[in-house]
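Comments concern the structure below.
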Amino acid sequence: MEGAAFWAAALIASALVGLAKGGLPVVAILSVPIMAQVMPPVAAAGLLLPVYVVSDMFGLYAYRHAFDRRVLAIIAPAATFGVALGWATAALVPEWLVTGLIGLIGTVFALRLILGRGAAVPARPARVGPGLFWGTLAGFTSFVSHAGAPPYQVYVLPLRLEKAVFAGTSTVLFAYVNAIKLIPYWALGTLTPADLKVAAVLMVPAALAVLAGVRLVRILPEVLFFRIVTWALLALSLQLLWKAFRAA
């Protein structure tokens, strides 16, 4: 883990993690693919996890008053079960299959929003049944392939939360999910002492990027913010489909 190419990729990836924890939608998903250009993807995921966790702390402070308690009460326990399920089946379920399924779900959902289907539908309440399903899927896919955002957004976007509450609820949930992933990642050997040393350096640009992300969320118009969320979801989902196709 040395050289100009490695550190350039690492700095970009850590900044993307910070921007996402500041509330910008799903840009953190690009961090592992960027790092995968200079190291194995599984090792990249382990290296970046401590950066996620520290960035989460800054995000939690920034959005400490802006989150939906009911959504978190429904989806956080389900995500916990999803992480445990991912840990238990880590050696059994092909990553490409999970990645492809989540990519397909996200693509269909994003296209429905972009094409205007359901645009006039009023905000839905946070229902328990769908929340348990999508929360479990979000926890599972976050553990297996760091792709928890699409199933989470399928559940939360129809709730039509105010943008700061949307960003804050996302930040709180995935701060929790990333924290509970530390133990199984360590147990599976994907988080090493050498990773922690590099991650300590990357935490600085990530923390600064969190502050920049929070600022951008505050100044973006709400319609534009959710348009970005939707298109980012589509781009992410298509990227996951391509990744699954190449790995199959």
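Here are a few things to note about the model shown:
- Pair list, Cβ under 6 Å, 6 or more apart: region 42-58 residue within 14 Å of LEU11 (Cα to Cα), other residue at pLDDT below 85 and among the polar types (S, T, N, Q): LEU48/SER31
- Among the residues of region 201-224, those identified as surrounded by 21 or more Cβ atoms within 10 Å (Cβ to Cβ) and under 29 Å from LEU104 (Cα atoms) are GLY213, VAL217.
- Within region 178-206, the set of residues being in contact with an Asp or Glu (Cβ under 9 Å, 6 or more places away or on another chain) and among the hydrophobic types (A, V, I, L, M, F, W, C) comprises just one member, ALA179.
- For LEU233, the criteria (1) under 15 Å from VAL53 (Cβ atoms); (2) hydrophobic (A, V, I, L, M, F, W, C); (3) under 18 Å from the mean Cα position of the chain (by Cα) hold in every case but one, which is (1).
- So TRP96, is it modelled with pLDDT under 90 and in contact with a Pro (Cβ under 8 Å, 6 or more places away or on another chain): no
- Among the residues of region 202-234, those identified as assigned to a helix (DSSP H, G or I) and free of Cβ contacts under 8 Å to residues at least 12 places away in the same chain are VAL204, ILE219, VAL223, LEU224, ARG227.
- Remark: ALA194 falls outside the filter, which requires a residue to be within 19 Å of the chain's Cα centre (by Cα), in contact (Cβ under 8 Å) with a residue 40 or more places away in the chain and closer than 14 Å to LEU48 by Cβ.
- One residue from GLY46, GLY23, GLY59, GLY18 being buried (at least 18 other Cβ atoms within 10 Å of the Cβ) and not in a helix (DSSP H, G or I): GLY23
- So PHE81, is it farther than 18 Å from VAL53 by Cβ, in contact with a Leu (Cβ under 6 Å, 6 or more places away or on another chain) and free of Cβ contacts under 8 Å to residues at least 60 places away in the same chain: no
The values are calculated or read from the model by the stated rules, or taken from the named source; none is laboratory data. Keep in mind that what you see is a predicted model, and the values were worked out from it rather than measured. Glycine also receives a Cβ, built like all others from the backbone with ideal geometry; neighbour counts cover every protein chain displayed.
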